[in-house]
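Structure first, then comments.
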Amino acid sequence: MGFILMIIVGGLIGWLAGVILSRDIPGGKVGNVIAGLIGSAIGGSLLGDLGPVVGGVAIIPALVGSIILILVLSFILKAIRK
């Protein structure tokens, strides 16, 4: 049950990061989950376990990491398209 909750929280965090940045995440719902989970790893290494933890995911670092990931991914994809 913990793994499923972690995937759900990762998807919500990835979606929220996309909404905050007003950018689409490549891959749709699967991209949201991936951005949330990778973002939680990035944010966890930068900020640790800051803030509330839901489903094994620290919310604030995961959101910050997801925003960083989406920005970097957007710049890379924009550079490739040119």
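Return the carbon/sulfur percentage of the accessible area of the chain, one whole number, probe 1.4 Å, all protein chains in place.
The value for the chain is 75 percent carbon and sulfur by accessible area.
Looking at the calculated P(r) for the chain, what percent of the C-alpha pair distances fall above 21 Å? Working shown, then result.
On the way: 726 of 3321 pairs.
Here the tail beyond 21 Å accounts for 22 percent of pairs.
Quote the FRET efficiency, to the nearest 0.05, computed for Ser74 versus Ile8 with a Förster distance R0 of 25 Å and r equal to the Cβ-Cβ distance.
0.55
Report the Cα centroid-to-centroid distance between the stretch 49-82 and the stretch 1-41 in angstrom, as an integer.
8 Å
Given 4 °C and 1.567 mPa s, compute D for the stretch 1-41 with the Stokes-Einstein relation, Rh being the Kirkwood radius over Cα pairs; round to the nearest whole µm²/s.
This corresponds to a translational diffusion coefficient of 133 µm²/s.
The values are calculated or read from the model by the stated rules, or taken from the named source; none is laboratory data. Here the structure is a predicted model, which is why all the values come from computation and not from measurement. Cβ coordinates were reconstructed from backbone atoms using ideal geometry, including for glycine residues, and neighbour counts include every protein chain displayed. Surface areas here come from the heavy atoms of the whole protein model, side chains and all, with no ligands, DNA or RNA. Shrake-Rupley method; radii C 1.70, N 1.55, O 1.52, S 1.80 Å.
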